[in-house]
Amino acid sequence: MLTAPYTLKRIPVETKLLPRAERRASILRGAAAAFARSGFAPTSMDDVAAACGVTKLIVYRHFETKEELYRSILQSVFDRLGSELASGLSQGLTRNLGARVQLTVARDDPDGYTLLWRHAAREPMFADYTSQAREVSSTVVRQLLKLDSGDDVVDRWKAEMLMTYLIDATLAWLDGGDPGRDEEFVENTSEGFRALLTAWR
């Protein structure tokens, strides 16, 4: 039996029922914020639940382990980047597309984007995932730009450098850029992208 000065703390509970997919997406966003703030190891599932505004039981209904949750965040962001790119290409919106895709996803989910391209690379359990994501992304850049000079080493390096440029530019803008000037960022970043291609040619 509890006696003074001990008091029971209110446990945060889910106050609004959401469709499963919507609840899952909400957990991914809350968890991304928690992981981006403290890192994988120090962040407990209790921390994740608190960041999401639900009970830990709700989190476990969607994700069996903390590792599964972290990987799901990374995959969700990577999938979104792919869908944004595919949508732009299908509409013929090729000008400034690389920078626009990166910034669109980054603005929509800044913690998830930062987790994928910055924090996960420093986590031993997830560094390989980020490395593979960069490799896949660089391959797409190489194919879209038709980087095929016959020198595989140089062509691969060019594609990797261009992809890294887009990611790092976006991360830097997330850190200190003005959202009201996002279009300016897209244009400036794209100009730099095209300048590199022109210099190499």
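Values in this text are rule-based calculations from the coordinates and carry no lab data. Quick caveat: nothing in here was measured; it's all calculated off a predicted structure. Counting neighbours? That spans all protein chains shown, and the Cβs are built from the backbone with ideal geometry, glycine included.
A few comments on the model shown:
- In the chain, the longest principal axis of the Cα atoms and the axis of helix 66-90 are about 40 degrees apart.
- Relative contact order computed over the chain (Cα-Cα under 8 Å; 6+ residues apart), in percent: 18 percent
- The chain: Lys pairs at Cα distance under 26 angstrom, eight or more positions apart or on different chains: 6
- Against the main long axis of the alpha-carbon atoms of the chain, helix 182-200 sits at an angle near 40°.
- Between the residues Pro110, Leu145, Phe78, the greatest Cα displacement towards the positive end of the dipole of segment 73-200, with unit charges on the Cβ of Lys, Arg, Asp and Glu, is found for Leu145.
- Rg/Rh for the chain, where both radii come from Cα atoms and Rh is the Kirkwood radius: 1.08
- Applying both filters, DSSP loop and at most 15 other Cβ atoms within 10 Å, to the GluC sites (Glu not before Pro) of segment 36-139 gives Glu64.
- Karplus-derived 3J(HN,Hα) values for segment 149-162, using 6.51 cos²θ - 1.76 cosθ + 1.60 with θ = phi - 60°, are 7, x, 9, 4, 4, 5, 5, 5, 4, 4, 5, 5, 5, 5 Hz; glycine and proline are entered as x.
- Backbone HN-Hα couplings from phi across segment 121-133 [Karplus 6.51/-1.76/1.60, Hz, Gly and Pro as x]: 5, 9, 9, x, 6, 10, 4, 4, 5, 4, 4, 5, 4
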